[in-house]
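The values are calculated or read from the model by the stated rules, or taken from the named source; none is laboratory data. Keep in mind that this is a model prediction, so the values were computed, not measured. Cβ placement follows ideal geometry from the backbone for every residue including glycine, while neighbour counts extend to all protein chains displayed.
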Amino acid sequence: MFNKLKQIKDLRDQAKSMQSALAGEVFTEEKNGVKITINGNMEVSNVSLNKDLSLSAQEDAVKGAVNDAIKKAQRMMAKKLQDMGGLDGLMK
């Protein structure tokens, strides 16, 4: 039982470490002159709009840029998790 508790604590510590490492990552995507920047915690830190676009075109560009930035962040998280040995590595 204590072994399982230690594994849970170790897993929690590694997850916090990974979250801290990801918080420092920055992902920027641009669509039609609209630029979105998010951090590794999936928080939007910057939005730059293209005043030459119509409102609906800006909305579409924002959606596309946010979705692409999130995908980039998710790929980075997956790579970092894999580099740590994957889920099996976390459970050791």
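Would you please name the residue that is farthest from the chain's Cα centre (by Cα), looking only at residues in the range 12-45 that are of a type in the set (Asp, Glu) and within 26 Å of Lys71 (Cβ to Cβ)?
If we take residues in the range 12-45 being of a type in the set (Asp, Glu) and within 26 Å of Lys71 (Cβ to Cβ), then Glu30 is farthest from the chain's Cα centre (by Cα).
In the range 55-92, which residue that is β-branched (Val, Ile, Thr) and closer than 18 Å to Asn41 by Cα is modelled with the lowest pLDDT?
Ile70
Kindly list, by first and then second residue, each pair from a residue in the range 53-66 that is over 10 Å from Ile36 (Cβ atoms) to a residue that is of a type outside the set (D, E, K, R) and modelled with pLDDT of 95 or more, limited to pairs with Cβ atoms under 7 Å and residues at least 6 apart or on different chains.
Going by the 7 Å Cβ cut-off, the qualifying pairs are Leu53/Asn32; Leu53/Gly33; Leu53/Ala61; Ala57/Asn32; Gln58/Val34; Gln58/Leu49; Gln58/Asn50.
Looking only at residues in the range 22-64 that are in a strand (DSSP E or B) and charged (D, E, K, R), which one is nearest to Gln74 (Cα to Cα)? Before the answer, list the steps.
Here is the first cut: in the range 22-64, the ones in a strand (DSSP E or B) are 26-31, 34-39, 44-48.
Filter once more, keeping what is charged (D, E, K, R): 29-31, 35.
On the way: Glu29: 14, Glu30: 17, Lys31: 19, Lys35: 18 Å.
Restricting to residues being in a strand (DSSP E or B) and charged (D, E, K, R), the top hit is Glu29.
Considering only residues of the range 30-50 that are under 20 Å from Lys80 (Cβ atoms) and in contact with a Gly (Cβ under 8 Å, 6 or more places away or on another chain), which is modelled with the highest pLDDT?
Asn39
Take Lys9 and decide whether it is of a type outside the set (A, V, I, L, M, F, W, C), modelled with pLDDT of 80 or more, over 16 Å from the mean Cα position of the chain (by Cα) and exposed (fewer than 12 other Cβ atoms within 10 Å of the Cβ). Spell out how you get there, then give the answer.
On the way: of a type outside the set (A, V, I, L, M, F, W, C): yes; modelled with pLDDT of 80 or more: yes; over 16 Å from the mean Cα position of the chain (by Cα): yes; exposed (fewer than 12 other Cβ atoms within 10 Å of the Cβ): yes.
Yes; evaluated as a whole, the condition is true for this residue.
For the range 1-44, which residues satisfy the criterion of being polar (S, T, N, Q) and more than 19 Å from Asp60 (Cα to Cα)?
Asn3, Gln7, Gln14, Ser17, Gln19, Ser20, Asn39, Asn41
Scan the range 63-70 and tell me whether some residue there is surrounded by 11 or more Cβ atoms within 10 Å (Cβ to Cβ) and touching a helix residue (DSSP H, G or I) at 6+ places or on another chain (Cβ under 8 Å).
Scanning the range 63-70 turns up no residue that is surrounded by 11 or more Cβ atoms within 10 Å (Cβ to Cβ) and touching a helix residue (DSSP H, G or I) at 6+ places or on another chain (Cβ under 8 Å).
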